[in-house]
1. Take C:L93, B:L235 and order them by how many other Cβ atoms sit within 10 Å, fewest up front.
2. Go ahead and set up a Gaussian network model of chain A, Cα springs under 10 Å, then flag whichever of A:T32, A:T228, A:T266 fluctuates most.
3. Looking only at other chains, what is the average number of their beta-carbon atoms within 10 angstrom of each beta-carbon in A:187-196?
4. On average, how many beta carbons from a partner chain sit within 10 Å of the beta carbon of a residue in B:102-114?
5. Using helices alone, what [θ] at 222 nm do you get for chain A, with -39,500 (n - 2.57) per DSSP H run of 4 or more residues, divided over all residues and rounded to the nearest 500?
6. Rounded to the nearest 0.05, what FRET efficiency do B:V28 and A:R225 give with R0 = 51 Å and r taken as the Cβ-Cβ distance? Could you check?
7. Arrange the peptides A:167-173, B:149-155 so that the one whose residues have, on average, the most other Cβ atoms within 10 Å appears first.
8. Inside 10 Å of the C-beta atoms of A:58-68, what's the mean count of C-beta atoms belonging to other chains?
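What follows draws every value from the coordinates through simple rules; no lab data is involved. Keep in mind that this is a model prediction, so the values were computed, not measured. Because the Cβ atoms are built from the backbone with ideal geometry, glycine has one as well, and the counts that use them run over all protein chains shown.
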Amino acid sequence: MSSIAGQRFRVLPPQRPAGRNRPRTTREQLLTIGLFVIPGAIIYTLFLIWPIFQAGYFSLFKWNGLGVPTDFRGLENYVQAFNHDVFQQAITHSLIITVLSLVVQLPLALILSVTIGRKLPGRMIFRSIFFLPYVFSEVITAIIWGFVYHQNGMFNTIFGTIIPGYEPITWLADRNLALYAVFAVITWKYFGLHMILYMASLQQVSSEIEEAARIDGASEWQVLRFITFPMMAPTIRLTIYLSVLGSLNQFVLIWVLTAGGPANATHVLATYMYRFGIKSFNLGYGSAIAVIIFAVCLIFSVGYQRTIMHRDYAGAVE
Amino acid sequence: MNARKWLMLTLLIALLSVSAAAAQENVVVRWWHIVTTPAEFPVHMEQVANDFMAANPNVTIEITSLENEAFKERLATVMQAGDPPDLFQSWGGGVLWNYASAGLLRDITPELTADGGAWQNSFSAQAALNLFKYEDGYYGAPWNFGAVGFWYNTELFEQAGITELPATWDEFLGVVQQLKDAGITPIALGQKDKWPGHFWWVYLAIRTGGQATFEAAYTRQGSFADAPFVQAGELLNQLIALEPFQEGFLGQTYGDEAAAVGNGTAAMELMGQWAPGVQRGNSTSGEGIGDKLAWFPFPAVEGGLGTPSDVLGGGDGIAVGVNAPDAAIDFLKYFTSAEVQATHVEVMGTLPTVAEAEAGVTDPLMQTILGFRNNASYYQSYYDQFLPPAVAQAVLDAVDGLFNGVLTPEEAAQSIEDVASMEL
Amino acid sequence: MSAMATSAVRAPARVNKQAITRELILRRIFQYTILSALAFLIIGPITVAVLGGLKTTGEIFAEPFGLPAVARWENYGGILVSELFWRQLGNSLLIVGGTTLGTVFFSSLLAFVFARLDFPGRDLLFNYFTLGLLFPLTVAFLPVFIQVRNLGLIDNHLGIILPLVAFGIPGSTLILRGFFRAIPAELEDASYIDGCGTLGFFWYVLLPLARPALGAIVVLQTIVSWNEYFLPLLILTDDSKWPLPLGIMQFQGQYGTDWGRVMAFVSILMIPAVLFYIFTQKYIVTGLTGGELKG
């Protein structure tokens, strides 16, 4: 069976024309469609789509959020954002987190999945432990990690014990280090999710083909490189997609951990929006940032599905 | 839960709201406060409300007690939706004025000035009361106001051979150097939270520029890029250059700061009247440094336009929402009355805002602060409360830039001015 | 052919196997070392929270990773005996129950339409429903709040449940649609021949077959609604209506925070999450992957 997650973003596969033997009239069908779609559509539109449109409208005003927005300023909020050095930094930081997720977090998850994937005794235990952080809330995760990174916290205590002459590292106070420290927490919380996805995908890789290659003298690495990984490709492409969108929308974890500091060194798109839009009572400006985030996600999403994930319905692998 | 239960629930909710509307005579006052910890404090708040309700049986006070940050987020959201609570925590100043100008607050001037201004005149801290004044109206009242100053460890000062408390900024820098030479961390600071650090720059600006400079900048006659604000940054940089703070202070919270002083690992902190309680709570022993703790005011800056009796301070008040019933104002009057404020002093160690309740302040350090507050030649509340939110955030960021060494004093002042020119 | 192949490689294979065994032991040692180190990195921070719950605030600041001098079980005990805690647990369960049921209900209807029915504009409508995937709640919460208020749902659990359902619909509809599509058309034809209407096919054939996917949606929505912090904070005034995550606020003050109790509270909050995870991880895996992940 094809993976559902993989299917989520797949263009419709060729389908049998529906309803060859279906005993029903168009009117009945219309009634069903109406009955099934309208309730969900109302809730979805009221609580999701409409607020998004409102954000788009607010973004054209200078508005402190009190009363009705009247001070129309067109696209000035957008211009202001792109000219603000902190916003430029926030974009850079979001990109860094995205790239790191792709080159560190995903490979880590991939390696772990093939390590404990199918045959390692005790894999259940490791799988469970690695996935555990995913079920904790981001607020809880950030509160705990604040003390893990603390001056006298877990890391400094452990390194202090095993390394002679160790000077405590100020993880979150160092402008050059803080973003990476934050990224480590993101990895801690989310790599398990990707690992689980890979493990499931691995179940569908035929071990007979791998075995045959081994018998033909292929090294373990060659087996992985030329057989296992290509067969996992649809899932890998999916995790790339999820990982990029997740990275671009990081908020609660970073906000509670560093609030964008020190000296703006860990601001990303969403924390910037919160800090300079909502906390500063510039709701119009904040809405403009929200629209920018939305646009970036949309562009990436459409582009990625058109170019990369596009392959997944051609049926090359699965 | 199945659909039927859902229906029942919806019906139940509908019924409940109908019955609430039917019982008309009762007045409900919604009150949001942020006194959440230690546990006996919110209990005291409830007690005060219960006493009032016992005397006024038709009034029901609905209390919501929220954590500080959560409170700010919630309040901002309900304000933006135009639905303020009847009574809520306020620090006065720019945020309150924002609400007042948007018509979200109720003017309590008639009640304040009734009976020949009896209520208004009961306040010994008139400067604090004025933080709740916008144009010609009053929109709230203070009940706990103090001053920021240096809390220091007398034993560590002695150990460093410091015999005289610094009266000027230069002397202060000398004291810091002396402590450093003695191998003592001179100052604790939790700069991750940003507001503890902003006290330093603001106090220096009060000393260099005085009331006139700030008011000129605030009313747009002057600018936040004017020389005294730049000089404040330069003076602060002199201190930062000495590296007087505990290791890792840029990533630590105010909680760490209080712990450092409370455990006796740092010699002092620049903080408000609440500092001793937090030091105790965050110290390993739970006792803080006991009677080794002492207080001195912020030193003078030679050649500055301010005087040493100009005070940076702040505290708590209660503001009144626009839809508040009269009973809400009655309760506020009761809450700030001398006899009730005396109970605040007793239970929570507050610094009362009415003269008659001041007798209850027995702690000598608190008496010092009270005198300092009442004799202020100019009382400035914290910029991060006083200024409108966008400017306040700009101040916090600018000062943070100085501590991190990424902004020059000129750039810091200019970055505040950039936002102020748009917002003020 | 297979016999030939086997005999051809038998001898070298055996040699190989022996070599692998020695190599295997070394490799296993290496693997377990790395895996254990990583597992420690996961467990370590969790221990910080659990131990922190046994300490005073002062001890936490002085030595977050150490053992407490005296274990303060009262931090945990005090929370567990407080009436508010249990009421908030009830609220959390109400929110979780309403959100998951609502999401399952609406998204299964939608997914059915998008997977099994054909009508003009279907793809366009489907794209409309997936648009929400790109817009996280944290970016939209102010307009969402205004909307909730306009509908008079402030201080009402529905004011939290309905937005959470709305934000849950896009992902859940996608997952379910995939499952519904995978069910062969022959089954559908057969059910119609047996006299089932559209509703009958949906109710008696599709839903039971999609049980793993429904389970997964329940699990994922449970995690999301159990952890939701911002929305309840904005919408519920009355603390007797709060869900558990807001309970952390009881221990955070304007000037000081009782970290011992916060840590105890955080640890208690983790317990249901962990238990829930242990009992439902099968569904999480199925839902995310559609694959059968064997133990």
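1. By the 10 Å Cβ count, ascending, the order reads C:L93, B:L235.
2. Among A:T32, A:T228, A:T266, the largest mean-square fluctuation in the Gaussian network model of chain A belongs to A:T32.
3. That works out to 2 on average.
4. 1
5. -18500 deg cm²/dmol
6. Approximately 0.15, to the nearest 0.05.
7. B:149-155, A:167-173
8. 4
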